[in-house]
Amino acid sequence: QVQLVESGGGLVQAGDSLRLSCAASGLSVRTYEMGWFRQAPGKEREFVAAIRWSASITHYADSVKGRFTISRDNAKNTVYLQTNTLKPEDTAVYYCAARTPRPSMTGDNYDYWGQGTQVTVSS
C-alpha cells in the first residue's frame with residue numbers, strides 16, 4: 001500500500017509562512033522523485049516544486065522560486081514544502097506526489113498522489 005498524507009495547511013494573511021508536510025508510506029522518499037502541485041478553485045493543477053530521489057536536486061515553478069523551498073527528511077520518510085511570503089494567488093489545495101525516476105523533472109505524470117491540504121491566503 002502506497003499512501004501520501006499532506007498536512008500543515010491553514011488560513012493565513014499575505015506575507016505569512018506555512019510549512020507543509022507529506023508523510024509517505026509504502027515507498028521511500030529517498031528512492032522516489034517527490035513533487036508538490038497545487039490547484040486553485042476553477043483552475044487546473046499546476047506544478048510547484050520537485051526534488052530528486054538522489055542528490056537533493058530541486059526544481060521550482062517561476063511563480064514560487066525564491067519564496068518556497070522543498071526538502072526531505074529521510075529518517076522520517078517525509079517531504080516538506082516551506083512556503084514563505086505567501087500571496088493571495090498562492091491560495092489552493094496543495095498536493096504531494098511521487099514517481100519513479102524520470103529523465104527530467106518536468107511534467108505531472110506522477111504515479112502516486114495525496115489527498116491534498118488547503119492553503120488560504122487573505123489580503
Selected residue [in contact with a strand residue (DSSP E or B) (Cβ under 7 Å, 6 or more places away or on another chain), open to solvent by less than 60 Å² (accessible area, probe 1.4 Å) and outside any strand (DSSP E or B)] from V48, V79, V29: V29
If you check W53 against the conditions, is it open to solvent by 20 Å² or more (accessible area, probe 1.4 Å) and of a type in the set (F, W, Y)? yes
If you take the residues of the range 82-123 that are among the hydroxyl-bearing types (S, T, Y), within 17 Å of A50 (Cα to Cα) and not in a strand (DSSP E or B), which of them is most open to solvent (accessible area, probe 1.4 Å)? T106
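For (1) open to solvent by less than 30 Å² (accessible area, probe 1.4 Å); (2) polar (S, T, N, Q); (3) modelled with pLDDT of 95 or more; (4) farther than 14 Å from Y94 by Cβ, each residue gets a yes or a no:
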site	(1), (2), (3), (4)
Q3	no, yes, yes, yes
S7	no, yes, yes, no
D16	no, no, yes, yes
S25	no, yes, yes, yes
F37	yes, no, yes, no
E44	no, no, yes, yes
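The values are calculated or read from the model by the stated rules, or taken from the named source; none is laboratory data. Not measured: the values here are computed from a predicted model. Counting neighbours? That spans all protein chains shown, and the Cβs are built from the backbone with ideal geometry, glycine included. Just so you know, the surface numbers come from the protein's heavy atoms only, side chains and all, with ligands and any DNA or RNA stripped out. Shrake-Rupley method; radii C 1.70, N 1.55, O 1.52, S 1.80 Å.
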